[in-house]
Amino acid sequence: DLVTKYFDVRNGMLGGDYSTKFGPWLAAGCLSPRTIYHEVKKYEAQRIANKSTYWIVFELLCRDYFRFYAVRHGSLIFQSGGPAGVRVSWRDDPELWQRWATGKTGMPLVDANMRELAATGWMSNRGRQNVASHLALDLGVDWRRGADLFEHLLLDYDVASNWGNWVAAAGMTGGRINHFNITKQSKDYDPQGEYIRHWIPELSSIPAPQVHEPWLLSEAELAQYGVKMGVDYPELIPASRFSRPHKGSRVGGDPAGANKPPSTSNTKKGKAKQQGQASSSNSSASTTAQ
């Protein structure tokens, strides 16, 4: 009866039952989306129909949406500016790319997800949206590099869903740009820090909520937890190295003053405020059956 709880757990990141795990089988052609649809409808008729059963079907429709989107726009979903033809100068910074790809950005939620992907070939939908937002909308690195890495590593890779989600995450569709506040997302969807500590063992002794923002801890506090920033765990990429490609355009939830210098004299807290990324956003179109 896990199907009846899907809506409540679908944003999880740790464990086996927060998603259907249909993605790899769908991508490989071993399982038909029509079979899933009819089985869900049979379950609804015989047992119960609720928001969770509806949502599984809805995400199958999202999967179909990206297929039709790919048919409609063709090779434009692989272009830098996407179907909207947005003119952006992406940053060519090998160090930023390497830190993102290897899970060493200093942003725990991003790093945990990238390490999980490298180790297992899997990443939650919540994680995919956050790491994509960080690469393209914070670091300003060409989103196609991220899409290509996912193509190589994901167990459930398929062309339309992967490239369609990435071009949307980068804000290249002409619609709303969903720029995520990574720290807020981390606290909202991993409140106890269990996911972060699982994939980043060097932070395993730091409790929540501090584990979401280890850069706020003093050297003495970090020493108490046996962590030395820059040695055991990477320093946070400073906001001065961010290159937000849509700066000046309407980015969903990007708070006023996110790029202003900190007003506090505490440099660590000032850095954190400057790092504030953009606010939490969620687009249902950026989900597919997983």
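The values are calculated or read from the model by the stated rules, or taken from the named source; none is laboratory data. Predicted model, so just to flag it, every value in this text is computed and none were measured. Glycine gets a Cβ as well: all are built from the backbone with ideal geometry, and neighbour counts include every protein chain shown. Quick note on the areas: whole protein, heavy atoms, side chains included, nothing else; ligands and nucleic acids left out. Shrake-Rupley method; radii C 1.70, N 1.55, O 1.52, S 1.80 Å.
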Discussion item. For the range 128-142, check the following and say yes or no: at least one residue is within 25 Å of G29 (Cβ to Cβ), modelled with pLDDT of 95 or more and under 16 Å from the mean Cα position of the chain (by Cα).
Written reply: yes
Discussion item. Return the pair list, or none, for Cβ contacts closer than 9 Å from residues in the range 132-145 that are β-branched (V, I, T) to residues that are open to solvent by less than 10 Å² (accessible area, probe 1.4 Å), at least 6 apart or on different chains.
Written reply: V141/L96; V141/W100; V141/L135
Item to complete: Evaluate the following for W90: is it out of contact with any Ser or Thr (no Cβ under 9 Å at 6 or more places or on another chain), surrounded by 15 or more Cβ atoms within 10 Å (Cβ to Cβ) and not β-branched (V, I, T)?
Response: no
Worksheet item: Restricting the search to the range 131-153, which residues are open to solvent by less than 10 Å² (accessible area, probe 1.4 Å) and within 14 Å of T102 (Cβ to Cβ)?
Response: V131, H134, L135, L139, V141, G146
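Looking at T105, T53, T35 in this structure, which one is closer than 17 Å to G140 by Cα and β-branched (V, I, T)?
Values: T53 fails: closer than 17 Å to G140 by Cα; T35 fails: closer than 17 Å to G140 by Cα.
Answer to the check: T105.
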Item to complete: Any residue in the range 180-203 that's open to solvent by 10 Å² or more (accessible area, probe 1.4 Å): show its pairings with residues that are of a type in the set (D, E, K, R) and in a loop (DSSP other than H, G, I, E, B) at Cβ separation under 9 Å, as long as the two are six or more apart or on different chains.
Response: T183/E213; K187/E213; E202/D232
Response to the item:
Condition set of a type in the set (A, V, I, L, M) and over 24 Å from D8 (Cα atoms), scope the range 99-112, selection least open to solvent (accessible area, probe 1.4 Å): answer is M107
Practice prompt. Within the range 147-176, count every residue that is modelled with pLDDT of 95 or more, over 22 Å from A119 (Cα atoms) and either assigned to a loop (DSSP other than H, G, I, E, B) or acidic (D, E) (or both).
Written response: 4
Worksheet item: Is there any pair with a first residue in the range 204-224 that is within 14 Å of I182 (Cβ to Cβ) and a second that is among the small types (G, A, S) and at pLDDT 95 or above whose Cβ atoms are under 6 Å apart and which are 6 or more apart or on different chains, and what are they?
Response: V211/G193; H212/S186
Worksheet entry | Unique match (being open to solvent by 10 Å² or more (accessible area, probe 1.4 Å), out of contact with any Gly (no Cβ under 6 Å at 6 or more places or on another chain) and in a helix (DSSP H, G or I)) among R128, R115 | R128
Worksheet item: So which pairs qualify, if the first residue must be in the range 88-116 and on the phi > 0 side of the Ramachandran plot, the second must be not aliphatic (A, V, I, L, M), the Cβ gap must be under 6 Å, and the two must be at least 6 apart or on different chains?
Response: G103/D111; G103/R115; G106/P234; G106/E235
Worksheet, complete the sentence: The correct count of residues that are open to solvent by 80 Å² or more (accessible area, probe 1.4 Å), in a loop (DSSP other than H, G, I, E, B) and either in contact with an Asp or Glu (Cβ under 7 Å, 6 or more places away or on another chain) or more than 25 Å from L117 (Cα to Cα) (or both) in the range 15-50 is 1
Worksheet item: Does T53 count as more than 24 Å from M114 (Cα to Cα), free of Cβ contacts under 8 Å to residues at least 12 places away in the same chain and either more than 23 Å from the chain's Cα centre (by Cα) or surrounded by 15 or more Cβ atoms within 10 Å (Cβ to Cβ) (or both)?
Response: no
